[in-house]
Amino acid sequence: MAKDLLRILESVGLSDAQAALYVAGLQLSSAPASEYAKATGINRITAYNTLEEMVHQGRFTLVKKVRGKWYAPVAPEYLAVDARKNADALDRSLPELRSLQGTKERKPHVRFFEGWDGVRRIYDDTLAARSEILNFANSAVVRKYWPNYDEAYVAERVKRGIHLRGIAPDDVMGRRVHGEDKKKLREIRLVPAKDFDFTNEINIYDHKVAICSFASSPQMFGVIIESKEVAETQRQIFEMAWRYAGRK
């Protein structure tokens, strides 16, 4: 069995024995506990108890035959659905979990990300926002590095019901993006491109400020600053800029 597969299954909540039995089950299809024990090297009693546990969890199905109980794993797609549900549930509970921390424990937290993969992780974090996203961005820059940005990121943001207010340069791409505001759950105000040609993108949401730098692909990086005070100050700066942009 591939160790990578076992680690992935363990990362979504399966124990080492459960992961081994699940992978073995995909190969066995349907079999009694004794065959699972033989295929994995797990003690027969442990294999039986673990399989019964996974039946109750909905990860295995059980068929009673004359010769005993036969077990079969559910399709991998079901595990993926459960993993996403658990991740979404955790995201929804983050504000409540944070509220349980004492104020002394709520220290500012800064995370640094390098390269395009790192920057993508920052965008993923914004999709867990429980508040409106406030955004300074150059509409053309991110789409240069992420051609399907609208289909992949914007569509997911809209699906999750996260509203965005943004300030962007008044250029060809900025006007095109601005023209689709209503159906993309956002409101963008344009400012003169000759005066405000943003090369960095800033997103303010919840108690976080995310900054992405698109200087060039190899040097691309970003940071997420998690601090109520920093986020509130940046939110006020955005509102000041928003009023200026609204005069145009």
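Each reported figure results from applying straightforward, stated rules to the coordinates on display, with no laboratory input. Fair warning: this is a prediction, and the values are worked out from it, not measured in the lab. Methodologically, a virtual Cβ is constructed for each residue, glycine included, from the backbone with ideal geometry; neighbour enumeration extends over all protein chains shown.
So if I place +1 on the C-beta of Lys and Arg and -1 on the C-beta of Asp and Glu, and nothing else carries charge, what would the dipole magnitude of the range 3-74 be about its Cα centre? I want it in debye, nearest 20. Before the final figure, lay out the partial values.
Details: 9 positive and 6 negative charges, 68 e Å.
For the range 3-74, the charge dipole is close to 320 debye.
Report, to the nearest 10°, how far helix 115-126 tilts away from the longest principal axis of the Cα atoms in the chain, using its own Cα long axis and a range of 0 to 90°.
Compared with the principal axis, the helix lies near 90 degrees.
With Rg and Dmax of the Cα atoms in Å defined as stated, name the option among [x] 20.2, 80; [y] 24.3, 80; [z] 17.6, 52 computed from the structure displayed.
[y]
How tilted is helix 76-99 with respect to the longest principal axis of the chain? Cα atoms for both, answer in degrees (0 to 90, nearest 10).
50 degrees
Skipping prolines and chain starts, which residues have an amide H placed within reach, meaning under 5 Å, of the one on ALA193, given they are 5 or more residues away or on another chain?
Under 5 Å from the amide H of ALA193 lie the amide H atoms of ASP170, each far enough along the sequence or on another chain.
In the chain, with Lys and Arg counted as +1 and Asp and Glu as -1 at Cβ, which of these residues, ALA210, ALA155, THR199, has the Cα nearest the positive end of the dipole, that is, farthest along it?
Checked the options; the winner is ALA155.
What does DSSP give for the chain in terms of the percent of beta bridges that are antiparallel, rounded to the nearest 5? It would help to have the intermediate numbers written out before the result.
Numbers: 28 of 39 bridges.
In the chain, DSSP labels about 70 percent of beta bridges as antiparallel.
Give, rounded to the nearest 20 debye, the magnitude of the charge dipole that the chain has about its Cα centre when Lys and Arg contribute +1 at Cβ and Asp and Glu contribute -1 at Cβ.
460 debye
Dipole of the range 107-245 (Lys/Arg Cβ +1, Asp/Glu Cβ -1, origin at the Cα centre): which of ILE224, HIS109, ALA129 lies farthest to the positive side?
Looking along the dipole axis, the top candidate is ALA129.
What percent do you get for the relative contact order of the chain when only Cα pairs under 8 Å and 6+ apart count? Walk me through the numbers on the way to the answer.
Working: 340 pairs, mean separation 39.2, N = 248.
RCO, the chain: 16 percent.
Starting from the 7 Å offset along Cα-to-Cβ, what nm value, one decimal, do you get for the label separation of LYS194 and LYS65?
8.0 nm
Per residue of the chain, what 222 nm ellipticity follows from adding -39500 (n - 2.57) for every DSSP H run with n ≥ 4, rounded to the nearest 500?
Numbers: 10 runs with 116 residues, N = 248.
Per the formula, -14500 deg cm²/dmol.
Peptides 235-246, 154-165, 9-20: what's the order by average Cβ count within 10 Å, highest mean first?
On the way: 235-246: 13.3, 154-165: 15.2, 9-20: 16.8.
The densest-packed peptide leads the list: 9-20, 154-165, 235-246.
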